[in-house]
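Structure, as structure tokens:
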Amino acid sequence: MKKLVLKYSFMFLGAVLMFVLNYSWLHNVLIPNPCYYHFHNPNVVMELFYDFGSSSNNHPEPKLINLLLTISFGLIIGSYTFTYLNVS
């Protein structure tokens, strides 16, 4: 039981870490100037992960798929970290 709780704790921490990295660092690296998209069309990848609606004045906002993939990768990284460290 303790091992299962520890594994889920690693997975939760991985998801939180990926969420923070995505929305603090990666978002700023991918979109250094959000006003760029006022006059330029976004590429396919940007349209998949970001919404360019009128409510945000055509600035990129993360979509739900962005959040789900971020959390999924975090859970996977947390699980592999737990397995790699072989925590008992």
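Would you tally the residues in the stretch 1-48 being touching a Ser or Thr at 6+ places or on another chain (Cβ under 7 Å) and among the aromatic types (Phe, Trp, Tyr)?
2
Given Met46, Met11, which one is of a type in the set (A, V, I, L, M, F, W, C) and touching a Leu at 6+ places or on another chain (Cβ under 7 Å)?
Met11
Are any residues in the stretch 31-88 of a type in the set (Phe, Trp, Tyr), open to solvent by less than 50 Å² (accessible area, probe 1.4 Å) and farther than 16 Å from Met11 by Cα, and if so, which ones?
Within the stretch 31-88, Tyr37, Tyr50, Phe52 qualify.
Considering only the stretch 14-30, how many residues are surrounded by 14 or more Cβ atoms within 10 Å (Cβ to Cβ) and aromatic (Phe, Trp, Tyr)?
Of the residues in that region, 2 qualify.
Any residue in the stretch 17-45 that is farther than 23 Å from Ile71 by Cβ sitting within a Cβ distance under 9 Å of a residue that is surrounded by 14 or more Cβ atoms within 10 Å (Cβ to Cβ) and aliphatic (A, V, I, L, M)? List the pairs, counting only those 6 or more apart or interchain.
Tyr37/Ile31; Tyr37/Met46
The values are calculated or read from the model by the stated rules, or taken from the named source; none is laboratory data. Please read these numbers as outputs of a predicted model, since none were measured by experiment. Neighbour counts are summed over all protein chains in view; Cβ atoms, including those assigned to glycine, are modelled from backbone coordinates with ideal geometry. Surface areas here come from the heavy atoms of the whole protein model, side chains and all, with no ligands, DNA or RNA. Shrake-Rupley method; radii C 1.70, N 1.55, O 1.52, S 1.80 Å.
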